[in-house]
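Engineer: Below is a structure I'd like to ask you about.
The values are calculated or read from the model by the stated rules, or taken from the named source; none is laboratory data. What you see is a predicted model; the values in this text were computed from it and never measured. A quick note on method: Cβ atoms are made from the backbone with ideal geometry, for glycine too, and the neighbour counts reach across all protein chains shown.
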Amino acid sequence: MSLPPVMLHLEVTRPPRRSVRLWLPLFLLWPLALMLGVLALPVAAVVDLVRLLCGRRDHHYAMLLVRLSALCCETRGLVIQIDKRNETVNLTVH
């Protein structure tokens, strides 16, 4: 099982200026996301059931919510580095 990301480290460097470093605590957002997910999952399940009874089987919204939460958990360890001529941006998800 993957754990959700805890921190996001953002660093922007411009040579004539000071670099900007931000540590954003993502663990503060997870209780809110959990509450929204708990509220949205039954609604999505009911919508899926109604669409199934109407004969449409093309969308599965409950599975979409489950896979979105798995996708968010898999972003842990993500590193993005952008180097331009006069600017560098580093983004790391811990």
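Engineer: Could you list all residues from the stretch 57-94 that are surrounded by 12 or more Cβ atoms within 10 Å (Cβ to Cβ) and either of a type in the set (Val, Ile, Thr) or in contact with a Pro (Cβ under 7 Å, 6 or more places away or on another chain) (or both)?
Structural biologist: Within the stretch 57-94, VAL66, CYS72, CYS73, THR75, ARG76, THR88, VAL89, THR92, VAL93, HIS94 meet the criteria.
Engineer: Enumerate the pairs (first residue in the stretch 30-43 and farther than 14 Å from VAL66 by Cβ; second residue anywhere and of a type in the set (Val, Ile, Thr) and surrounded by 10 or more Cβ atoms within 10 Å (Cβ to Cβ)) with beta-carbon separation below 9 Å, excluding pairs fewer than 6 apart on the same chain, so at least 6 apart or on different chains.
Structural biologist: So the pair list comes out as TRP30/VAL6.
Engineer: May I ask you to verify whether HIS94 is touching a Lys or Arg at 6+ places or on another chain (Cβ under 8 Å) and modelled with pLDDT under 95?
Structural biologist: Numbers: touching a Lys or Arg at 6+ places or on another chain (Cβ under 8 Å): yes; modelled with pLDDT under 95: yes.
In short, yes.
Engineer: Taking only pairs six or more apart or across chains, which ones have beta-carbon atoms under 7 Å, a first residue in the stretch 50-72 that is without any contact (Cβ under 8 Å) to a residue 60 or more places away in the chain, and a second residue that is acidic (Asp, Glu) and in a helix (DSSP H, G or I)?
Structural biologist: Correct list of pairs: HIS60/ASP48; TYR61/ASP48; ALA62/ASP48.
Engineer: Would you check if LEU26 is surrounded by 13 or more Cβ atoms within 10 Å (Cβ to Cβ), within 30 Å of THR88 (Cβ to Cβ) and either of a type outside the set (S, T, N, Q) or without any contact (Cβ under 8 Å) to a residue 40 or more places away in the chain (or both)?
Structural biologist: In short, yes.
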